[in-house]
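Chemist: For reference, the structure I am asking about is given below.
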Amino acid sequence: MFENLQNKLDKAFKTLKGQGRITEINVAATIKEVRRALTDADVNYKVAKDVTDRVKQKALDRKVLIAVEPGQLFVKIVQEELTELMGTEAKQINLKGDPAVILIAGLQGSGKTTFSGKLAAYIKKQGKNVLLVAADIYRPAAIDQLKVLGEQVGVEVFSEPENKNAVSIVTNALAHAKRTNKKVVIVDTAGRLAVDEAMMQEIENVKKALNPTETLFVVDSMTGQDAVNTAKTFNERLDFDGVVLTKLDGDSRGGAALSIRAVVNKPIKFMSTGEKMDALDIFYPDRMASRILGMGDVISLVERAQQAFDDDEARRINAKMRKNQFDFNDFLSQLQQIKKMGNIKDLLGMIPGMGKMVKDLDLDNQSFAPIEAIISSMTPKERERPDIIDTSRKKRIAAGSGTDLQQVTNLLKQFDEMRKMMKKMNNMQASGKMPKMMR
Ligand code: GDP
């Protein structure tokens, strides 16, 4: 996420870290570089200037020049300022009301329909009865798309394909929601490729008719300053309650994430990081600032793990590890759970310092494919006891998995080393010699 910006900020900070002595002159140079990194990332110029002015002031107030770790203190100040810029605290959506009505607005292609599906899944997980409403009267395909997503997440989709009046559709949808005892109604509206008066008028009418609990504006983060300008226009007409940033998994530069809140003064509530229905996260300004600064985001990593990992399975595997019985079946199960947590490169980037190390690696979840293929080509017995695999079996496994002998041998060797390591740790633990930190 925001690799370019990360690199440039990192370079800016290096000019400080590399200096034996920090002076007012090199702080000023660093500030200038930080500002340039922000504007290069398509952050609104005024926003970038305000932020760096504040960083400078804080750096002087906190006497960065004479601090013990001036470089670190400076990075911390930038982290605080970026956090504040993005809204300081996470803002939840309001689901009060019976039913609560959430109106989704934005340009075509911004990711509205995808987000509507994700939000429905997210709210359903909280045990609430949800209705999705397809209110796009121009693109019949949009109705079908929402229906597919609704089916995927197990949420009813209301639509009236023959009805060409959006206000009448949403009014009927609301009545249907009340009849069928829905607690939350999510209305996906029509978008256009660019802002136009007819669209604005229509969505304004829909908003009036619905009187929504919450209006969310969805915006494609890849569009940078355009995203900010569109947000401004929509906000003037709709006075929305929050922003949803989509496509943060792509190579967006960061400008939208960093400037939108400052420009429209509305919080970013969600961020979307993929096309799958679970690629939705609450937007935490502090965590995002840490990620931008390459400080990782361990809290989000742990939360994702909690969502993806099945407790019983984790306990079962833990017990097997303790008895030194961890085998390839367990390994495969772990691999599959890790993949559920999301894109592997993104996950590694959440570990402090790791983002920089993996940024140039060509790494994605497909990288696991050969490993999975090799394990799948083993017999159940071989998975339990890999030590029985001899050379002729290795060759068979390689042929069966479309890999080569070397790859199979390597995997077996690494697996063996991993088991030895587990055993060592178990012994240390049993004898009470485990260092505190490792426990
Ligand atoms: P709408 O026209 O605003 O309803 O936009 P869609 O929901 O149809 O999304 C447009 C395209 O962007 C589709 O191909 C989606 O799969 C894709 N998309 C939506 N959100 C994301 C995201 O967070 N990441 C990525 N990579 N693609 C997304």
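The values are calculated or read from the model by the stated rules, or taken from the named source; none is laboratory data. Bear in mind the structure is a predicted one, so any value in this text is a computation, not a measurement. Methodologically, a virtual Cβ is constructed for each residue, glycine included, from the backbone with ideal geometry; neighbour enumeration extends over all protein chains shown.
Chemist: Looking at the range 371-381, which of its residues are surrounded by 16 or more Cβ atoms within 10 Å (Cβ to Cβ) and either basic (Lys, Arg) or in contact with a Lys or Arg (Cβ under 7 Å, 6 or more places away or on another chain) (or both)?
Modeler: Ile375
Chemist: How many residues are in a helix (DSSP H, G or I) and more than 14 Å from the ligand (Cβ to nearest atom) if we restrict to the range 248-288?
Modeler: 12
Chemist: Is it the case that the range 13-29 has a residue that's crowded, with 20+ Cβ neighbours inside 10 Å, closer than 25 Å to Ala256 by Cα and out of contact with any Asp or Glu (no Cβ under 9 Å at 6 or more places or on another chain)?
Modeler: No - not one qualifying residue is present in the range 13-29.
Chemist: Considering the range 98-119 alone, what residues qualify as being within 11 Å of Val133 (Cβ to Cβ) and either among the aromatic types (Phe, Trp, Tyr) or within 13 Å of the ligand (Cβ to nearest atom) (or both)?
Modeler: The answer is Ile104, Ser116.
Chemist: Give the residues of the range 129-168 that are surrounded by fewer than 14 Cβ atoms within 10 Å (Cβ to Cβ), of a type outside the set (S, T, N, Q) and not in a loop (DSSP other than H, G, I, E, B), sorted by residue number.
Modeler: Pro140, Ala141, Val148, Glu151, listed by residue number.
Chemist: Taking interchain pairs and intrachain pairs at least six residues apart, which have beta carbon atoms under 7 angstrom, with the first residue in the range 49-74 and in the same structural domain as Lys32 (by TED's automatic domain parsing) and the second exposed (fewer than 14 other Cβ atoms within 10 Å of the Cβ)?
Modeler: Note: pairs meeting the criteria are Leu65/Thr23; Leu65/Glu24.
Chemist: Also: Hey, could you check the range 176-211 for residues that are in contact with a helix residue (DSSP H, G or I) (Cβ under 7 Å, 6 or more places away or on another chain) and of a type in the set (Asp, Glu) and say which is nearest to Phe240 (Cα to Cα)?
Modeler: Within the range 176-211, the match that is nearest to Phe240 (Cα to Cα) is Glu204.
Chemist: If the requirement is being in contact with a helix residue (DSSP H, G or I) (Cβ under 9 Å, 6 or more places away or on another chain) and within 29 Å of Glu80 (Cβ to Cβ), which of these qualifies: Lys276, Lys345, Lys320, Lys340?
Modeler: Lys345
Chemist: Out of curiosity, is Ile104 farther than 24 Å from Pro285 by Cβ and among the hydrophobic types (A, V, I, L, M, F, W, C)?
Modeler: When the stated conditions are applied, Ile104 does not pass them.
Chemist: Now for a separate question. On the basis of being part of a loop (DSSP other than H, G, I, E, B) and free of Cβ contacts under 8 Å to residues at least 24 places away in the same chain, does Gln325 make the cut?
Modeler: Spelling it out, Gln325 is indeed part of a loop (DSSP other than H, G, I, E, B) and free of Cβ contacts under 8 Å to residues at least 24 places away in the same chain.
Chemist: Name the residues in the range 223-262 that are surrounded by fewer than 18 Cβ atoms within 10 Å (Cβ to Cβ) and either more than 18 Å from the chain's Cα centre (by Cα) or over 15 Å from Gly111 (Cα atoms) (or both), would you? Write out each step before concluding.
Modeler: Going residue by residue through the range 223-262, those that are surrounded by fewer than 18 Cβ atoms within 10 Å (Cβ to Cβ) are 225-226, 229, 232-233, 236-237, 239, 250-251.
Gln225, Asp226, Asn229, Lys232, Thr233, Glu236, Arg237, Asp239, Asp251, listed by residue number.
Chemist: Also, I was wondering about something else. Condition first: at negative phi and either surrounded by fewer than 14 Cβ atoms within 10 Å (Cβ to Cβ) or not assigned by TED's automatic domain parsing to the domain that holds Ile268 (or both). Now tell me which residues in the range 181-203 satisfy that.
Modeler: Scanning the range 181-203 gives Leu193, Ala194, Asp196, Glu197, Ala198, Gln201.
Chemist: Gly109 fails exactly one of the following numbered conditions: (1) surrounded by 16 or more Cβ atoms within 10 Å (Cβ to Cβ); (2) touching a Gly at 6+ places or on another chain (Cβ under 8 Å). What is the number of that condition?
Modeler: (1)
Chemist: Suppose we filter Ala177, Ala198 for residues that are touching a residue at least 24 places away in the same chain (Cβ under 8 Å) and not aromatic (Phe, Trp, Tyr); which single one remains?
Modeler: Matching residue, one of Ala177, Ala198: Ala177.
Chemist: While we're looking at this one, here's another question. Output yes when any residue across the range 402-409 is touching a residue at least 60 places away in the same chain (Cβ under 8 Å) and either within 28 Å of the chain's Cα centre (by Cα) or exposed (fewer than 14 other Cβ atoms within 10 Å of the Cβ) (or both), and no when none is. Outline the logic, then answer.
Modeler: Filtering the range 402-409 down to residues touching a residue at least 60 places away in the same chain (Cβ under 8 Å) leaves none.
Taking every residue of the range 402-409 in turn, none turns out to be touching a residue at least 60 places away in the same chain (Cβ under 8 Å) and either within 28 Å of the chain's Cα centre (by Cα) or exposed (fewer than 14 other Cβ atoms within 10 Å of the Cβ) (or both).
Chemist: Is it the case that the range 67-81 has a residue that's within 30 Å of Asp239 (Cβ to Cβ) and either more than 16 Å from the ligand (Cβ to nearest atom) or of a type in the set (S, T, N, Q) (or both)? So that I can check it myself, show each step before the final result.
Modeler: At the first step, the residues of the range 67-81 found to be within 30 Å of Asp239 (Cβ to Cβ) are 80-81.
Checking the rest, the ones that are also either more than 16 Å from the ligand (Cβ to nearest atom) or of a type in the set (S, T, N, Q) (or both) come to 80-81.
There is at least one residue in the range 67-81 that is within 30 Å of Asp239 (Cβ to Cβ) and either more than 16 Å from the ligand (Cβ to nearest atom) or of a type in the set (S, T, N, Q) (or both).
Chemist: Starting from the range 264-284, keep only residues that are on the phi > 0 side of the Ramachandran plot, then list their pairs with residues that are more than 8 Å from the ligand (Cβ to nearest atom) and assigned to a loop (DSSP other than H, G, I, E, B) whose Cβ atoms are within a distance under 6 Å, requiring at least 6 positions of separation or different chains.
Modeler: Hits for this filter: zero, empty list.
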